[in-house]
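In what follows, a structure is listed as structure tokens, so that the remarks can point back to it.
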Amino acid sequence: YVADRDTADKCFIDNTNQEFLTCQAIFNLGDEEVAGHADDTALLKLPITDEFRALSNLGRTSQRNIVDFIQDYAHCLTFSDSDEDSDELSDMSFSHALKAFRSVTVKSAGEMTSNVGDLSSTKSAMERIEADSSIRLPRFIHMETSLYEDLPKVKVTARVAVIADSDNLGFSLRIVGQTKQLNDAADRFVEMVKALLPSDLPIYVGTFTA
């Protein structure tokens, strides 16, 4: 639209809102001598993608919800496992991961423990509650997706932890480096806008209110 108009006074890119990224071009801002009304504008708004929103909204969730999530977003999910003493990851198939999440049960053991791991949690000093699966659970869920609509795809990794007590079983999914990835996406948006708009158009990172 800016190219079709062949003119714009200023352009403001807001990369501070994590729900969406915006770019506003103002065509009648005027200058210090003759102010314009700033009511002739064009606005580009990139919302967060459905895929990334679904992953980030999981947080602490139930076994049923995580199974539904895996089935709904199978097209962009992969899984991996790692040894407790190693940083190396090994790939895990989709069918294996889905079966593992479906088959998790809860068992209790009357013993003391001070160890806290991703797949176990302590209920009390006398009773340890541990999630048990006949198939090994993945430690990481990876999603290949754009964080915001129309931006390049990136790989988002979430660490899986089990939350269990005698009555309930749930999961915690924590996105690794979420803030950094959102900031990187915002920086990428700024670069893309600057590359697309005329080089002589003043571009500012921030918001404008008339």
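The values are calculated or read from the model by the stated rules, or taken from the named source; none is laboratory data. Computed from a predicted structure; not experimentally measured. In this analysis, Cβ positions are derived from the backbone assuming ideal geometry, glycine residues included, and neighbour counts consider all displayed protein chains. These area figures cover heavy atoms from the full protein model, side chains too; ligands, DNA and RNA do not enter into them. Shrake-Rupley method; radii C 1.70, N 1.55, O 1.52, S 1.80 Å.
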### Which numbered condition THR179 misses (of (1) open to solvent by less than 80 Å² (accessible area, probe 1.4 Å); (2) over 26 Å from ASP91 (Cβ atoms); (3) within 14 Å of the chain's Cα centre (by Cα))
(1)
#### Entry: Flag if PRO138 is buried (at least 18 other Cβ atoms within 10 Å of the Cβ), part of a loop (DSSP other than H, G, I, E, B) and either at pLDDT 90 or above or over 17 Å from the mean Cα position of the chain (by Cα) (or both)
yes
### Query
With respect to the numbered conditions (1) in contact with a Leu (Cβ under 9 Å, 6 or more places away or on another chain); (2) open to solvent by less than 20 Å² (accessible area, probe 1.4 Å); (3) among the hydrophobic types (A, V, I, L, M, F, W, C); (4) farther than 25 Å from MET92 by Cβ, which one is the sole condition not fulfilled by LEU201?
(1)
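One line per residue, one yes/no per condition, for (1) over 19 Å from ILE141 (Cβ atoms); (2) surrounded by 15 or more Cβ atoms within 10 Å (Cβ to Cβ); (3) of a type in the set (D, E, K, R); (4) at pLDDT 90 or above:
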| position | (1), (2), (3), (4) |
| --- | --- |
| GLY59 | no, no, no, no |
| ASP68 | no, no, yes, yes |
| ASP72 | no, no, yes, yes |
| PHE79 | no, yes, no, yes |
| GLU84 | no, no, yes, no |
| LEU89 | no, yes, no, no |
| ASN115 | yes, no, no, no |
### Query
Could you list, in sequence order, the residues of segment 145-175 that are open to solvent by 30 Å² or more (accessible area, probe 1.4 Å), over 14 Å from LEU58 (Cα atoms) and either among the polar types (S, T, N, Q) or at pLDDT 90 or above (or both)?
GLU149, ASP150, PRO152, LYS153, VAL154, LYS155, SER166, ASN168
